[in-house]
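A short write-up of the structure that comes next.
The values are calculated or read from the model by the stated rules, or taken from the named source; none is laboratory data. All figures in this text were calculated on a predicted structure; none of them were measured in a lab. All Cβ positions, glycine included, derive from the backbone under ideal geometry; neighbour counts span all protein chains shown.
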Amino acid sequence: MIALAAIPARAQWSYLGPPSTAYHSDFTESGGVLLMGIDKTSAPVDLYRSTDGGLTWETAFNSGSVRAITPLADGFLLQVGGKESYRGNASGTTWNKVADPGYNVTRYFYDRTNSRLYAVTQRGALLASTDEGESWTSLGVSSQDLTFVHARGDVIITGYNGTFGAAHLSTDGGQTWTSVSSTATGTPSGGLVASDGSIYLQTTTGFFPSSSTLWRSRDNGATWTNLTEGTADLGGISLLMQSVIHAEGPTILFNANNKIVVSTDDGASWSARNEGVLASSNGSVTQLAIRDGYVYALFQAYVEPGTNFGLYRRPLSELGFVPASVEAEQRAAASLKITPNPARGAASVTLSLDRAEEARISIHDPLGRQVALLHQGRLAAGTHVFTWDGDFPAGLYMVSVQTAGRLVTRPLLRDE
């Protein structure tokens, strides 16, 4: 059995709404703006908006059943039923129709490390966009309806958790794919590419009842470790529901059906942390967002919606997480320099490390495809200089440096 930790009565999840008993399809947060979509044509409102952390809500947009929504670098992208897409401003108050990818999108993911947008669709296509949804390219994943995607730099994990579900992994920006379902066994329900380079995959065995397993790979998918082996009563994810995984250092969170499960010792032990969440067998936690010291969890109904299904919030500190320091992120960004930039010939990539660690330095084209690997392996503390001859067409490229716990990218412009 999962032991619930003894905590003060006030330390629990807070219900935020929004005020609707319809099916909640997707939510996102950016710049203090929370947006919640409703996937039911009879709902009085299709998109709700909150600017006070979910304490109060107002109508943001009404144009049909919401399918998927994501934040961009500045604003939001929304798809509604009928294959229509809209671009919203940073406040979520103004929406304009844009070109649609041509598929029913079930989930977006925006990788801020290289400004690349992904969409998983109902007909087994994984799409990528480098212009925030103005145009799309298929990454050639062969599967049934995809239900999840996560990416960081070159590494992408996606999959389908239906009857014949499979997980697919790419470590070269989507140029090639491998199936990992034979080694990380079970029906895949969600994935995460963590900031330290670890790859997580959650799988489910059985149906009703079902059990959930969390796997981790630290060698780009070559081998996988079962982090939940021997842990009892981890209910699984129903078919076509998405699991959610988040990891920072030794603290890991994921949802097992209607439970939110946390480990603060790198997977050695687990406890359910559902204090204050609706106790129901008719729902599951289907999405997660980490923002400004809080974790937001969407609790969605399987069949018939009801009151108290919707968005919950809890301080990260109550679950053992330590938010990343803005100062540390600025130091990480300052550790990478490219000269000259723009470059007509060779360019130098200078990386400064304050400690010895593993590092991967790569160059990517505008579609996110790797065109050069400058280094992969352990580097000593200090300054290291790498040269890219750059015998490629003129245009914009991205230099990506991934070390333990951080990923830094910089644009590199090649002139004629």
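Here T106, T158, T176 are screened, and the one residue that is outside the structural domain of D365 (by TED's automatic domain parsing) and assigned to a loop (DSSP other than H, G, I, E, B) is T176.
For the range 261-271, the tally of residues that are touching a residue at least 60 places away in the same chain (Cβ under 8 Å) and surrounded by 20 or more Cβ atoms within 10 Å (Cβ to Cβ) stands at 2.
Take T28 and tell me if it is surrounded by fewer than 20 Cβ atoms within 10 Å (Cβ to Cβ) and at pLDDT 80 or above.
Spelling it out, it is not the case that T28 is surrounded by fewer than 20 Cβ atoms within 10 Å (Cβ to Cβ) and at pLDDT 80 or above.
If you go through the range 165-180 and keep only what is closer than 22 Å to Q122 by Cβ and out of contact with any Asp or Glu (no Cβ under 8 Å at 6 or more places or on another chain), you end up with G165, A166, A167, H168, L169, G174, W177, S179. Within the range 272-284, not a single residue is modelled with pLDDT of 75 or more and under 15 Å from S189 (Cβ atoms).
Of all the criteria given as (1) surrounded by fewer than 22 Cβ atoms within 10 Å (Cβ to Cβ); (2) under 19 Å from the mean Cα position of the chain (by Cα), the one not satisfied by A90 is (2).
The set of residues from the range 139-151 being at pLDDT below 90, surrounded by fewer than 24 Cβ atoms within 10 Å (Cβ to Cβ) and not polar (S, T, N, Q) comprises G140, V141, D145. Restricting the range 116-138 to residues that are in a loop (DSSP other than H, G, I, E, B) and in contact (Cβ under 8 Å) with a residue 60 or more places away in the chain leaves a set whose member that is surrounded by the most Cβ atoms within 10 Å (Cβ to Cβ) is G133.
Scanning the range 356-393 for residues that are surrounded by 12 or more Cβ atoms within 10 Å (Cβ to Cβ) and small (G, A, S) yields A359, S362, G368, A372, G390. Inclusion of G88 among residues that are assigned by TED's automatic domain parsing to the domain that holds G153, out of contact with any Cys (no Cβ under 7 Å at 6 or more places or on another chain) and modelled with pLDDT of 90 or more is warranted. When the range 171-191 is filtered for residues that are surrounded by fewer than 24 Cβ atoms within 10 Å (Cβ to Cβ) and free of Cβ contacts under 8 Å to residues at least 60 places away in the same chain, the ones remaining, listed by number, are T171, T176, W177, T178, S179, S181, S182, T183, T185, G186. Please go through the range 159-203 and pick out each residue that is among the β-branched types (V, I, T) and either modelled with pLDDT of 80 or more or closer than 24 Å to R369 by Cβ (or both). Matches in the range 159-203: T171, T176, T178, V180, T187, V193, I199, T203.
Applying the criterion of being in a strand (DSSP E or B) and under 19 Å from the mean Cα position of the chain (by Cα) to the residues of the range 213-234, the residue that is modelled with the lowest pLDDT is T213.
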